[in-house]
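Working notes, structure below.
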Amino acid sequence: MTDANEIRNGELLAAVDIGSNSFHMIVARYEHGELRVIDRLRDSVRLAMGLGPDGSLATTQRQRALACLAQFGQRLRGLPHSRVHAVATNAVRQLANPQAFLLPAETALGHPIEIVSGREEARLIYLGVANGLPRGKQRRLIVDIGGGSTEFIIGQDFEALERESIQVGCVASTRRFFEDGKLTPKRWRQAATEIGVELQQFAADYRSRGWAEAFGSSGTVRAIGSIVQANRWSDAGISFDSLERLRDALIAAGSIQALNLPGLSEERAQVIAGGVVILESVFAALGVVQMGVCETSMREGLLYDMLGRAMHRDPRSGAIAALVERYAVDRSQAARVRETALILFDQAAADWQLEPIDRDVLGWCADIHEIGLAIAHSQHHVHGAYIVAHSDLAGFSQQGQQLLETILRSQRRRPHRGGFEALPERLQTIARRLTALLRLAVLLHRGRTNEPLPRLLLQAGERSLRLTLPSLWLEQHPLTRADLEQESDYFKPLGLKLQIGTR
């Protein structure tokens, strides 16, 4: 981030977690290098309850979600987009058409909403948990049971070493195994067996990695902790024995409607069975004996992630650097293209109303614009786009990776019009404009030499770009001149008219 995005003392930051079970909002004030929480809001929307097998969303859940986000939006009114980090998780990931939900959701909230992958969700969870626990060098296992998915992290200090996410959550599992509300030993065994199979994908690797202590975060684990403490089944946290006693109590009740346990709220009772069977399966598969309960989770992680980005500790830069390393990018060529792309950006930014984050995106695209060469020279822009689309990039939302993919896919030859149209509407114009700047930078460095470029003059209009170069330089570089003339035709799918001027 640039200095223009530095967080100043006294500024407010907000995080919105659009979960599969509950929606959360947290507002904090940045004071003397620390975040002080000043407001929290929560609503049990149960978005996952409205998910159909075809990826549709029931009208009831949709209306509840939009009403909740409108309430959040009222509290966030006046905060700039750069100070609000809103993310959607598993339930929105499962929608057949997420944009059909996100468009009205963003309108209700008044801020952009990003969809995060399961592993990115795990990273954010760990960041929140690590900042809520005493610092230590020992490895920790973190388990976060959400409404639609469960995340697993092994971390040390503030670094997530291992991250996994499975499509098993308290709402989804309650619907799947106990849909009519009946709780029987047979159904419980079936649920535990099927969840155990999911856990076997990574259980051996996690046990081999090892950890010194385990913690659970988010509402499900906190609710289980409250129940076992209220019933005095565990001296501290959650033990395997206390989980077995809770399981037996649930089955003895016979149905969800009949549940009446100390420490169990009426609201949580509707989904507690799915949460308990998941946690019991986790203890068995990973060999957990005792689990502490952590009060912080992904929403706090969102705040600290936003703070880190503004303070030049952006995990996205690390993810891009890892791609450069992994695919043996020609760093000299990437640096040449990056420098020129940013020179062009700085001249167009004001007229095109581009933001500091857009400058970062262009720089990242320049850094990795040739990663596809690791596969083949032919169509390397297509290969590079594929790599970005299918890589696990820390810090990037699904829309963020889609933006990178689209720009890389259209950096050369005729731009891929469909890629732009597949982006959220708010990103389409930005993507086209950043693509135009990257294309010019790549074209001007086609010779792959350290020969300095002449001073570039760029004028940006709503639907035009005018690049002015010395006439003598163009005469001395006929190939570049020919490329620029052809580029005028390639700019049409970007909705831009390219003009080349001389001086």
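Would you mind working out the magnitude of the charge dipole of region 64-221 relative to its Cα centre, with +1 at each Lys and Arg C-beta and -1 at each Asp and Glu C-beta, to the nearest 20 Debye? Before the final figure, lay out each step's value.
On the way: 20 positive and 16 negative charges, 66 e Å.
Using Cβ point charges on Lys, Arg, Asp and Glu, region 64-221 gives about 320 debye.
Going by average Cβ density within 10 Å per residue, which order do the peptides 436-445, 451-460, 174-183 take, highest to lowest? Present the calculation step by step, with values, prior to reporting the outcome.
Values: 436-445: 23.8, 451-460: 13.9, 174-183: 16.4.
So the peptides 436-445, 451-460, 174-183, ranked by packing, come out 436-445, 174-183, 451-460.
Give me the angle, in degrees from 0 to 90, between the Cα long axis of helix 118-130 and the longest principal axis of the Cα atoms of the chain, rounded to the nearest 10.
Tilt of helix 118-130: around 70 degrees.
Quick check: pseudo-label points 7 Å beyond the Cα along Cα→Cβ at residue 488 and residue 208, how many nm apart are they?
Taking the simple label geometry, residue 488 and residue 208 are separated by 6.1 nm.
Can you run the Rg to Rh ratio on region 307-429? Use alpha carbon positions and the Kirkwood inverse-distance Rh.
On the way: Rg = 13.9 Å, Rh = 14.8 Å.
Value, to two decimals: 0.94.
In terms of the Cα gyration tensor, with a ≥ b ≥ c the square roots of its eigenvalues, is region 133-295 rounded because a/c is under 1.5, prolate because a/b exceeds b/c, or oblate?
Numbers: a/c = 1.98, a/b = 1.46, b/c = 1.35.
Prolate shape, in that a/c is at least 1.5 and a/b is the bigger ratio.
Which distance in Å, rounded to a whole number, links the C-alpha centroids of region 71-98 and region 319-364?
If you average the Cα positions of each part, the centres end up 27 Å apart.
Count the DSSP beta bridges whose two residues both fall in region 133-295, then state the antiparallel fraction as a percent rounded to the nearest 5. Intermediate results must be reported in sequence, preceding the final value.
Working: 17 of 24 bridges.
Within region 133-295, antiparallel bridges account for around 70 percent of the total.
Give or take rounding to whole Å, what are the principal axis extents of the alpha carbon atoms in region 1-107, in descending order?
Per principal axis, max minus min of the Cα coordinates gives 48, 27, 20 Å.
Order of 68, 170 from fewest to most other C-beta atoms within 10 Å?
Numbers: 68 24, 170 32.
Least to most surrounded, the residues fall as 68, 170.
For region 35-77, just list the percent of Cα-Cα distances falling in each 5 Å bin from zero outward, please.
5, 20, 23, 19, 15, 9, 6, 3, 1
Which whole-number percent is the relative contact order of region 314-452 (Cα, under 8 Å, 6+ apart)?
On the way: 156 pairs, mean separation 38.4, N = 139.
RCO, region 314-452: 28 percent.
Hey, what did region 16-91 get for relative contact order, percent, Cα under 8 Å, at least 6 apart? Walk me through the numbers before you get to the answer.
Values: 99 pairs, mean separation 27.1, N = 76.
Contact order relative to length: 36 percent.
With the cut-off at 1.5 for a/c, could you classify region 86-220 from its C-alpha gyration tensor as rounded, prolate or oblate? It would help to have the intermediate numbers written out before the result.
Working: a/c = 2.14, a/b = 1.08, b/c = 1.99.
Taking the square roots of the gyration eigenvalues as a ≥ b ≥ c, region 86-220 is oblate.
Relative to the present Cα-Cα distance, how much length would full extension add between residue 190 and residue 350 at 0.36 nm per residue of separation? Each step should come with its number before you reach the end.
On the way: separation 160, 0.36 × 160 = 57.60 nm, distance 6.04 nm.
Fully extending the segment from residue 190 to residue 350 adds 51.6 nm.
Given a cut-off of under 8 Å on Cα pairs at least six residues apart, what relative contact order in percent is computed for the chain? Display every interim value, and only then the final one.
On the way: 899 pairs, mean separation 63.5, N = 503.
Relative CO of the chain lands at 13 percent.
Let me spell out the model: positive unit charges on the Cβ of Lys and Arg, negative unit charges on the Cβ of Asp and Glu, origin at the Cα centre of the chain. What dipole size does that give, in debye rounded to 20?
Working: 59 positive and 57 negative charges, 121 e Å.
Here the size comes out at about 580 debye.
For all pairs of alpha-carbon atoms in the chain, what percent lies in each bin of width 20 Å, listed from the first bin to the last filled one?
With a bin width of 20 Å, the distribution comes to 22, 49, 24, 5, 0.
Please give the FRET efficiency for residue 426 paired with residue 96, using the beta carbon to beta carbon distance and R0 = 22 Å, rounded to the nearest 0.05. Kindly include the intermediate steps, with their values, before the conclusion.
Numbers: r = 21 Å, r/R0 = 0.95.
So, using R0 = 22 Å, E works out to roughly 0.55.
Quote the charge dipole size of region 314-452 about the Cα centre in Debye, to the nearest 20; the model charges only the Cβ of Lys and Arg (+1) and of Asp and Glu (-1).
Approximately 540 debye in magnitude.
What order do you get for 81, 369 when you list them from fewest to most C-beta neighbours inside 10 Å?
Numbers: 81 14, 369 26.
Starting with the residue having the fewest Cβ neighbours, the order is 81, 369.
Which percent, nearest 5, of DSSP beta bridges in the chain are antiparallel?
Details: 39 of 59 bridges.
Taking every DSSP beta bridge with both residues in the chain, the antiparallel ones total about 65 percent.
Coordinate-derived values only; no laboratory data. If you're wondering where the values come from, they're calculated on a predicted model, not measured in any experiment. Heads up, the Cβs are rebuilt from the backbone with ideal geometry, glycines too, and the neighbour counts pull from every protein chain shown.
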